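Participant: Input: one structure, supplied below.
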Amino acid sequence: MSEFHVDMGPQYEGEAIRRENVQVEFGGPKIPHKFELVTLKGLDEVEHEKIEVIGPDIKDIEEGASSPLAILIDVAGEELEKDMEPVFERRIHMYSNYIEGFWHVAQRDDIWIRLDKAAFKKGLNSLREIGEILIFLFTSELDIIEKISVTFITDGEKVKELLPNALTVYEARDARARDLGDEDVDEFYGCILCQAFAPTHICFITPDRMANCGAISWFDGRAAYKLDPEGPVFAVPKGELLDAARGEYAGVNAVAQEKSLGSVEEVYLYSSFGRPHTSCGCFQSICFYIPEVDAFGIVYRDFIGESVIGLPFSKMAGETSGGRQVEGSCGMGLEYLRSPKFFQADGGLRRVVWMPKDIKERYKDAIPEDLLDKIATEEDVKNTDELTEFLERVGHPWVKGEVEIPD
Amino acid sequence: MSITIAVAGKGGTGKTAISALLAALLAKESPPVLAVDGDPATNLHQALGLPLDDETNTIGGIRELMEEKITRAEFAPGTDKQAWLDARIFEGLVESVGLDFLAMGRSESQGCYCAVNHMLRYVLDKLAGNYQYVVIDNEAGMEHISRQTTRDVDVLLIISDPTARGITAAVRTRKLIDDLRTNVGQIHLVVNRLAGDISPQMGDLIAGAGLDLLVTIPEDPNMAPLETEGGPLTELPPDSPLRRVVVDIAAKTGLLAGKPRTSLF
Ligand SMILES: Nc1ncnc2c1ncn2[C@@H]1O[C@H](COP(=O)(O)OP(=O)(O)OP(=O)(O)O)[C@@H](O)[C@H]1O
Ligand code: SF4
Ligand SMILES: [Mg+2]
């Protein structure tokens, strides 16, 4: 682009800018207040292509210095939706890194940006030009954006003053993200990283089901797939919903067959029986069936000692892992406990009768209040005899036959 | 693409000294260089004369912090974990002139974290691409090579002391590499602190194992005083034997021979 002082394109994405080459740094570890925020506004509220710089510009900042920064991008368009804000916001990262001599790391209130001395010498000496390039990239790559304006704030006091508002927006988005269900999306993600150890294992990662290791949420899956479409995390088109209660999807089955070389044919995302999800070796926790009470217990990696069935986590993990479908013994990410679909086909949380005290404490806001003190921990019972007696005594809803199993 | 040099060998043979001098030489001749300390005890920075403000700011420490945050479900659903990790790794980088430094540190976690390791590898590969050279000072146990944190190595230097035991250990290291099939370009043996020439017996031992003896290094009289003062090895006089042989190493392995600059800067 001849109208700009520097070149741009995906070829600059991996480029890092080393300390000694820094003309100016925005945000990063030395700067307490920094953030970026994309806000969807009405068509009459956004002045198209308006760029504003509040506070010192690049050329006013001492060479090698660090400065606060807020990047505020307002967008408008008939077809834009609120949920696109975070997606556009990640594009700031992507497009900034397209700019020669400009480097952007992280997100939200954690951003860290550097401008290379060489780019500065070429004439890139104003945030205004960064704004022009960003607007150029946003509008040429995303047709649905009809109007866009960019504001850069380098005045530390002003950034500090506006930061709480941004944090509120991030929190609201996180709340919406937590509410996202499997029915709200068309695509799940799969991960085969653990096939090195468990050759038939595929993690299916959905809004309602965190990956076994707890490291990859549906959002992480989406980001990883976009970053590296050929990588170990891939998209799984949902396909037809074959069994709503058990969470059986045609798309999931097809991928399971393909990636397990035929050894896994069907997968139920929300049941521990029949065709449960496979377990690799990386799972954070295990949901295990306790035959004596015909209900479930949860045990996790950091649990010391023996669970209520008299076995330590390591022993139980050995019996669960390896990429097999083990009925009544499923490796899972702990966050699955928060899912409204948590083994719903088997009775869900209301069929859970034992878990470590630590986990109960950590997930108490996810457990129905009336159930909380009816789930035993290692402090209440030591074995299944004591457990049976405990459940009778407290009147656990499963024992009382109050839990309905969907069909 | 950057050129990766890994320095390995049994404990106390001079890995750190040679890594530091080689990294400093390359940083002067063809910057930038990334020096990686693979020893959990983290001491390469001292040999290079670099500060380390935060001892926990190592790859191992960052990995553990991430695992802890995952276990505690502390990542907000709307944040990108890879992006978070990228920033932490850059924070862990000690940035100097012509050379940056990164410590592997220790990782004691029990869990299995394929996903975290994968994300880590992604950012480290990307980072490494920004340097002309990556010099890795491995710990005696070769953990990073065996765990494949280090993947392709262009030049592997196995350092040995001038004893039969030392050479036997070097042969074992070589076997380990062959078994793991880590992609290694050149593999050479360096015998350090040798008085005089290689004895015929030792020569046979080396040749019998199929090792290529690149150079031998004599005892360097300037090392002990420097060590007493605690000064960085970069203060060794230019005609110091250790320093001179490191130049030899760079020349003989072709590290300095007209390598085209592919820098992004
Ligand atoms: N050629 C030499 N002449 C004199 N002293 C040397 C020589 N090479 C190394 N040393 C000294 O030997 C000691 C061990 O060297 P160094 O720390 O480099 O070894 P290392 O292989 O990195 O050890 P470790 O396995 O403990 O990390 C140091 O005190 C160093 O100064
Ligand atoms: S446990 Fe984690 S790393 Fe392993 S396959 Fe599942 S998502 Fe991937
Ligand atoms: Mg050492």
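Participant: Quick one: which residue in A:ASP57, A:ASP44 is away from chain B (no Cβ under 14 Å) and farther than 25 Å from A:GLY156 by Cα? Steps first, answer last, please.
Facilitator: Working: A:ASP57 fails: farther than 25 Å from A:GLY156 by Cα.
When all the criteria are applied, what remains is A:ASP44.
Participant: Condition (residue is basic (Lys, Arg) and within 28 Å of B:GLU67 (Cα to Cα)) applied to region A:271-281: is it met by at least one residue?
Facilitator: Going through region A:271-281, the residues basic (Lys, Arg) turn out to be A:275.
Now narrow it down to the ones that are within 28 Å of B:GLU67 (Cα to Cα): none.
Looking for residues that are basic (Lys, Arg) and within 28 Å of B:GLU67 (Cα to Cα), one finds none in region A:271-281, hence no.
Participant: List the number of the failed condition for A:GLY262; all other conditions in (1) within 26 Å of the chain's Cα centre (by Cα); (2) assigned to a loop (DSSP other than H, G, I, E, B) hold.
Facilitator: In the conditions (1) within 26 Å of the chain's Cα centre (by Cα); (2) assigned to a loop (DSSP other than H, G, I, E, B), A:GLY262 misses (1) alone.
Participant: Which residues, taken from region A:239-249, are at negative phi and surrounded by fewer than 17 Cβ atoms within 10 Å (Cβ to Cβ)? Let's see the steps before the verdict.
Facilitator: Residues of region A:239-249 at negative phi: A:240-246, A:248-249.
Hits for region A:239-249 are A:GLU240, A:LEU241, A:LEU242, A:ALA244, A:ALA245.
Participant: What helices (runs of 4 or more DSSP H) lie completely within region B:1-103 and have 2 or more residues being away from ligand 3 (no atom under 16 Å from the Cβ)?
Facilitator: B:15-29, B:59-71, B:81-92
Participant: Going residue by residue through region A:190-200, is there one that turns out to be within 13 Å of ligand 2 (Cβ to nearest atom), in contact with a helix residue (DSSP H, G or I) (Cβ under 9 Å, 6 or more places away or on another chain), open to solvent by 10 Å² or more (accessible area, probe 1.4 Å) and part of a strand (DSSP E or B)?
Facilitator: Taking region A:190-200 as the starting set, the residues that turn out to be within 13 Å of ligand 2 (Cβ to nearest atom) are A:190-200.
Then drop every residue that is not in contact with a helix residue (DSSP H, G or I) (Cβ under 9 Å, 6 or more places away or on another chain), which leaves A:190-197, A:200.
Narrowing the set further to residues that are open to solvent by 10 Å² or more (accessible area, probe 1.4 Å) leaves A:191-197, A:200.
After this cut, where a residue has to be part of a strand (DSSP E or B) as well, the list is A:191.
Yes, because at least one residue in region A:190-200 is within 13 Å of ligand 2 (Cβ to nearest atom), in contact with a helix residue (DSSP H, G or I) (Cβ under 9 Å, 6 or more places away or on another chain), open to solvent by 10 Å² or more (accessible area, probe 1.4 Å) and part of a strand (DSSP E or B).
Participant: Now, a different point. Here are the criteria: (1) more than 14 Å from chain B (Cβ to nearest Cβ); (2) in contact with a strand residue (DSSP E or B) (Cβ under 8 Å, 6 or more places away or on another chain); (3) within 30 Å of A:LYS357 (Cβ to Cβ). Tell me which single one A:PRO237 does not satisfy.
Facilitator: All conditions pass for A:PRO237, except number (3).
Participant: Answer yes if at least one residue in region B:183-192 is within 16 Å of ligand 3 (Cβ to nearest atom), crowded, with 19+ Cβ neighbours inside 10 Å and within 16 Å of B:GLY11 (Cα to Cα), and no otherwise.
Facilitator: Yes, there is a match, as at least one residue in region B:183-192 is within 16 Å of ligand 3 (Cβ to nearest atom), crowded, with 19+ Cβ neighbours inside 10 Å and within 16 Å of B:GLY11 (Cα to Cα).
Participant: Please verify whether region B:219-235 includes one or more residues that are away from ligand 1 (no atom under 14 Å from the Cβ) and modelled with pLDDT of 95 or more. Full working, then the answer.
Facilitator: Kept after step one, since they are away from ligand 1 (no atom under 14 Å from the Cβ), are these residues of region B:219-235: none.
No, because not a single residue in region B:219-235 is away from ligand 1 (no atom under 14 Å from the Cβ) and modelled with pLDDT of 95 or more.
Participant: Which of the residues belonging to region B:43-91 are within 11 Å of chain A (Cβ to nearest Cβ), open to solvent by 20 Å² or more (accessible area, probe 1.4 Å) and farther than 26 Å from A:ARG178 by Cβ?
Facilitator: Within region B:43-91, B:ASP53, B:ASP54, B:ASN57, B:PHE90, B:GLU91 qualify.
Participant: Also: For B:THR234, work out the one condition from (1) surrounded by 11 or more Cβ atoms within 10 Å (Cβ to Cβ); (2) farther than 17 Å from B:ALA24 by Cβ; (3) among the hydroxyl-bearing types (Ser, Thr, Tyr) it doesn't fulfil.
Facilitator: B:THR234 satisfies every listed condition except (2).
Participant: Can you tell me which residue among B:SER19, B:SER96, B:SER30 is away from chain A (no Cβ under 14 Å) and more than 13 Å from ligand 1 (Cβ to nearest atom)?
Facilitator: Answer to the selection: B:SER30.
Participant: Here's another thing I want to ask about it. Among all residue pairs at least 6 apart or on different chains, which show Cβ distances below 7 Å where the first residue, located in region B:52-67, is within 15 Å of B:VAL123 (Cβ to Cβ) and the second is basic (Lys, Arg)?
Facilitator: B:GLY60/B:ARG106; B:ILE62/B:ARG88
Participant: Also, quick follow-up: Checking B:THR216 against (1) at pLDDT below 95; (2) over 20 Å from B:VAL135 (Cβ atoms): exactly one of these is not met. Which one?
Facilitator: (1)
Participant: Now for a different question. I'm trying to understand the selection: among the residues of region A:372-407, which are surrounded by fewer than 18 Cβ atoms within 10 Å (Cβ to Cβ) and touching a Pro at 6+ places or on another chain (Cβ under 8 Å)?
Facilitator: A:THR377, A:VAL403
Participant: Which residues, counting only those in region A:279-302, are open to solvent by 10 Å² or more (accessible area, probe 1.4 Å) and away from every other protein chain (no Cβ under 12 Å)?
Facilitator: Answer for region A:279-302, where residues must be open to solvent by 10 Å² or more (accessible area, probe 1.4 Å) and away from every other protein chain (no Cβ under 12 Å): A:TYR289, A:PRO291, A:GLU292, A:VAL293, A:ASP294.
Participant: Also, I was wondering about something else. Report the residue count in region A:391-404 for those that are β-branched (Val, Ile, Thr) and touching a helix residue (DSSP H, G or I) at 6+ places or on another chain (Cβ under 7 Å). Before the answer, list the steps.
Facilitator: In the first step, residues of region A:391-404 are kept if they are β-branched (Val, Ile, Thr); the result is A:394, A:399, A:403.
Checking the rest, the ones that are also touching a helix residue (DSSP H, G or I) at 6+ places or on another chain (Cβ under 7 Å) come to A:399, A:403.
Residues meeting the conditions: 2.
Participant: Considering only region A:303-315, state which residues are open to solvent by 10 Å² or more (accessible area, probe 1.4 Å) and more than 13 Å from chain B (Cβ to nearest Cβ).
Facilitator: First, pick out the residues of region A:303-315 that are open to solvent by 10 Å² or more (accessible area, probe 1.4 Å): A:303-306, A:309-315.
If the condition is that a residue be open to solvent by 10 Å² or more (accessible area, probe 1.4 Å) and more than 13 Å from chain B (Cβ to nearest Cβ), then A:GLY305, A:GLU306, A:ILE309, A:GLY310, A:LEU311, A:LYS315 are the ones that fit.
Participant: Right, another one. Go through region A:201-233 residue by residue and tally those that are more than 11 Å from the chain's Cα centre (by Cα), more than 11 Å from ligand 2 (Cβ to nearest atom) and not in a loop (DSSP other than H, G, I, E, B).
Facilitator: Counting residues in region A:201-233 that are more than 11 Å from the chain's Cα centre (by Cα), more than 11 Å from ligand 2 (Cβ to nearest atom) and not in a loop (DSSP other than H, G, I, E, B) gives 3.
Participant: Out of A:GLU62, A:GLU25, which single residue is farther than 23 Å from A:GLU171 by Cβ and either open to solvent by 30 Å² or more (accessible area, probe 1.4 Å) or assigned to a loop (DSSP other than H, G, I, E, B) (or both)?
Facilitator: On the way: A:GLU25 fails: either open to solvent by 30 Å² or more (accessible area, probe 1.4 Å) or assigned to a loop (DSSP other than H, G, I, E, B) (or both).
Unique residue meeting the criteria: A:GLU62.
Participant: Can you pull out the residues in region B:1-16 that are open to solvent by 30 Å² or more (accessible area, probe 1.4 Å) and more than 10 Å from ligand 1 (Cβ to nearest atom)? Before you say what the answer is, go through the steps one by one.
Facilitator: Initial filter on region B:1-16 (open to solvent by 30 Å² or more (accessible area, probe 1.4 Å)): B:1, B:3, B:10-12, B:16.
Once the filter is applied, which keeps residues that are open to solvent by 30 Å² or more (accessible area, probe 1.4 Å) and more than 10 Å from ligand 1 (Cβ to nearest atom), region B:1-16 yields B:MET1, B:ILE3.
The values are calculated or read from the model by the stated rules, or taken from the named source; none is laboratory data. All values reported here derive from a predicted model rather than from experimental measurement. Cβ coordinates were reconstructed from backbone atoms using ideal geometry, including for glycine residues, and neighbour counts include every protein chain displayed. Heads up: the accessible areas ignore ligands, DNA and RNA and are worked out on the full protein's heavy atoms, side chains in. Shrake-Rupley method; radii C 1.70, N 1.55, O 1.52, S 1.80 Å.
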